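First comes the structure, then the notes that go with it.
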């Protein structure tokens with residue numbers, strides 16, 4: 001696991017050299033009925049500390065008085081100025097809660113301060129995350145055409161509310177192929193009562209794959225959970241995201257403008273010829 005952690009840390013650093021497209025779909029359901037659905041494409045530009053997402057396209061629909069109404073947002077260069085206008089023209093207040101919930105969940109789980117286009121706390125195998133976990137070996141299997149080692153993990157502190165789940169590690173590359181998690185235990189009843197909200201069934205699945213140069217990336221992400229707010233708003237949230245069209249960045253530099261070199265400074269004139277100067281020193 002120490003080797004897996006080192007590889008995760010190294011891959012996380014190497015992934016800052018890639019730009020890619022994240023295709024995401026978020027659905028809010030009430031029972032079997034779709035209340036709101038959004039499909040987006042965003043350009044993800046990682047940096048040393050985090051990734052920046054530029055929204056390219058958004059196609060949405062929401063249920064209003066028994067009919068689905070559609071809405072969209074323009075390209076990233078235009079959507080900042082036009083977003084408020086398009087929402088006011090196309091979206092009515094009774095349905096805003098579902099729309100806001102869908103967009104909030106997408107931003108919370110994908111558009112966060114991380115280098116990978118996924119929430120930073122969804123990586124339980126990095127060096128820092130492993131400090132809080134215990135791992136148990138289950139055996140060897142095959143996943144996505146690769147031989148993997150199957151492990152289960154859980155928090156060291158049984159009272160901790162954290163991730164538990166299964167990890168399938170590539171037996172040769174020592175990189176995760178698939179990580180599936182769930183909450184180690186439910187939120188305490190007192191907290192749920194105080195907040196008037198709960199997230200039962202929260203968990204996620206992340207699939208990893210190597211690029212042509214050997215850098216491993218999270219390529220697909222999925223989660224499904226329930227949201228209960230103030231005892232009257234109950235929704236099932238389904239989110240899936242796929243990272244695609246990876247492009248390795250190239251850094252170039254050039255000198256712009258002319259550079260003028262200063263002339264060498266001349267020695268100050270003392271008024272003496274070299275011979276006089278020499279004679280005086282003698």
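Numbers below:
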quantity	calculated
All positions within segment 1-43 that are farther than 27 Å from residue 238 by Cβ, buried (at least 16 other Cβ atoms within 10 Å of the Cβ) and either without any contact (Cβ under 8 Å) to a residue 40 or more places away in the chain or more than 15 Å from the chain's Cα centre (by Cα) (or both)	1, 4, 5, 7
Which numbered condition residue 124 fails, given (1) at pLDDT 85 or above; (2) within 20 Å of residue 6 (Cβ to Cβ)	(1)
Residue match in segment 73-86 (condition: closer than 21 Å to residue 43 by Cβ, out of contact with any helix residue (DSSP H, G or I) (no Cβ under 8 Å at 6 or more places or on another chain), in a loop (DSSP other than H, G, I, E, B) and modelled with pLDDT under 90)	yes
Restricting segment 44-60 to residues that are touching a strand residue (DSSP E or B) at 6+ places or on another chain (Cβ under 7 Å) and surrounded by fewer than 17 Cβ atoms within 10 Å (Cβ to Cβ), the residue that is modelled with the lowest pLDDT	52
Looking only at segment 139-155, and only at residues there that are without any contact (Cβ under 8 Å) to a residue 24 or more places away in the chain and farther than 13 Å from residue 175 by Cα, the one that is surrounded by the most Cβ atoms within 10 Å (Cβ to Cβ)	152
Verdict on residue 138 being assigned to a helix (DSSP H, G or I) and either at pLDDT 80 or above or under 30 Å from residue 6 (Cβ atoms) (or both)	no
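Yes or no, residue by residue, for (1) touching a helix residue (DSSP H, G or I) at 6+ places or on another chain (Cβ under 9 Å); (2) at pLDDT below 75:
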site	(1), (2)
168	no, no
171	no, no
175	yes, no
185	no, yes
195	no, yes
208	yes, no
219	no, no
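The values are calculated or read from the model by the stated rules, or taken from the named source; none is laboratory data. Everything numeric in this text was worked out from a predicted model, so none of it was measured. As a convention, Cβ positions derive from the backbone with ideal geometry for all residues, glycine included, and neighbour counts pool all protein chains shown.
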